[in-house]
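The values are calculated or read from the model by the stated rules, or taken from the named source; none is laboratory data. Here the structure is a predicted model, which means the values were calculated and not measured. When we count neighbours, we look across all protein chains shown, and the Cβ atoms used for this are built from the backbone with ideal geometry, even at glycine.
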Amino acid sequence: MALAELVSPHLPYLRRFSRALTGSQESGDAYVEALLEAIVADPASARKGPDIKVVLYGLLCRLWESITVNLRGEEPSPAWERAAQLKLSSITPRARQAFLLTAVEGFNPEEAATIMQTDSEGLAALLDEAGREIGEAMATDVLIIEDEPLIAMDLEDIVTRLGHRVSGIARTRKEAVRAAKGNKPGIILADIQLADGSSGIDAVNDLLSEFEVPVIFITAYPERLLTGKRPEPAFLITKPFAPEMVKAMVSQALFFNTRSSGHREAAG
């Protein structure tokens with residue numbers, strides 16, 4: 001297959017990634033243009049691996065790290081793009097790449113590590129760094145709805161290490177509603193089967209009827225949530241969970257929450 005036919009299907013996604021890295025459409029597209037020029041000059045560079053997509057993203061990352069595209073007179077960005085730029089500006093460059101590759105572009109850890117020319121430990125460290133920096137930039141109050149004390153303690157430790165505050169730990173639906181009334185959280189971590197037989201799903205629905213907030217369900221029963229019916233949760237973690245998964249999910253949920261662009265104001 002001709003090189004152009006191999007590359008062209010990936011161009012829209014390369015542009016998306018590059019725009020997110022640089023913080024603007026014009027600069028992002030300029031880097032993709034530089035990538036294409038480099039491939040034309042050295043066609044073999046795009047064939048140095050079994051997965052063309054991984055190779056292309058790797059080439060783009062190295063271009064972004066090695067050259068500066070200096071553009072002047074760019075058109076003002078729309079509000080949503082400025083909000084995304086503000087969030088991304090809090091993440092150091094290498095950590096930003098790791099976060100976007102996994103959270104936005106959907107690469108698995110092995111692929112992302114290959115793109116960034118590191119190993120699994122190096123990638124994990126970068127993702128941890130991104131999580132901490134997002135937490136520091138968007139520190140918020142966390143409501144934990146979990147009836148197992150040890151699991152609740154683990155979750156509390158994970159989110160506080162990311163820079164967030166735990167506003168309450170609820171074991172039942174009634175406790176969750178009461179806790180949220182006292183201090184509206186900026187994010188909720190919820191089990192679905194609670195101490196008194198009540199439902200974490202019902203507790204979350206009660207809260208979402210009062211205010212908007214990102215929710216991460218953490219459950220041993222994912223089949224109860226992933227039925228194919230709508231609406232379904234965007235963020236779901238299966239027990240037993242790894243701390244790294246919780247960190248990544250919390251960071252993603254806050255980053256992609258359109259109402260979150262910095263430190264949350266205290267609830268009035």
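Need pairs with beta-carbon distance below 9 Å; first residue in a loop (DSSP other than H, G, I, E, B) and within the stretch 195-218, second of a type in the set (Phe, Trp, Tyr); sequence gap 6+ or separate chains.
PRO214/PHE235; PRO214/PHE256
What do you reckon, is VAL40 part of a helix (DSSP H, G or I), in the same structural domain as SER89 (by TED's automatic domain parsing) and free of Cβ contacts under 8 Å to residues at least 24 places away in the same chain?
For VAL40, the condition - part of a helix (DSSP H, G or I), in the same structural domain as SER89 (by TED's automatic domain parsing) and free of Cβ contacts under 8 Å to residues at least 24 places away in the same chain - is met.
Quick one: which residue in ALA195, ALA170, ALA203, ALA190 is crowded, with 21+ Cβ neighbours inside 10 Å, farther than 25 Å from LEU88 by Cα and in contact with a Lys or Arg (Cβ under 6 Å, 6 or more places away or on another chain)?
Checking each option against the conditions leaves just ALA203.
Only residues that are closer than 16 Å to ILE115 by Cβ, touching an Asp or Glu at 6+ places or on another chain (Cβ under 8 Å) and buried (at least 16 other Cβ atoms within 10 Å of the Cβ): list them for the stretch 20-53, please.
Once the filter is applied, which keeps residues that are closer than 16 Å to ILE115 by Cβ, touching an Asp or Glu at 6+ places or on another chain (Cβ under 8 Å) and buried (at least 16 other Cβ atoms within 10 Å of the Cβ), the stretch 20-53 yields nothing.
What residue, of LEU123, LEU100, is in contact (Cβ under 8 Å) with a residue 40 or more places away in the chain and either touching a helix residue (DSSP H, G or I) at 6+ places or on another chain (Cβ under 6 Å) or closer than 24 Å to ALA220 by Cα (or both)?
Only one candidate qualifies: LEU100.
Of all residues being of a type outside the set (A, V, I, L, M, F, W, C), under 17 Å from the mean Cα position of the chain (by Cα) and in a loop (DSSP other than H, G, I, E, B) in the stretch 93-117, which is surrounded by the most Cβ atoms within 10 Å (Cβ to Cβ)? Just the residue, please.
Per the stated criteria, the residue is GLU105.
Which one of these is modelled with pLDDT of 60 or more and under 27 Å from LYS53 (Cβ atoms): LEU71, LEU100?
When all the criteria are applied, what remains is LEU100.
Which residues, counting only those in the stretch 118-175, are polar (S, T, N, Q) and either part of a loop (DSSP other than H, G, I, E, B) or in the same structural domain as THR219 (by TED's automatic domain parsing) (or both)?
THR118, THR140, THR160, SER167, THR172
Just one of (1) surrounded by fewer than 21 Cβ atoms within 10 Å (Cβ to Cβ); (2) closer than 30 Å to THR22 by Cα; (3) not basic (Lys, Arg) trips up ASP154, so point out which.
Here ASP154 meets the rest and fails (2).
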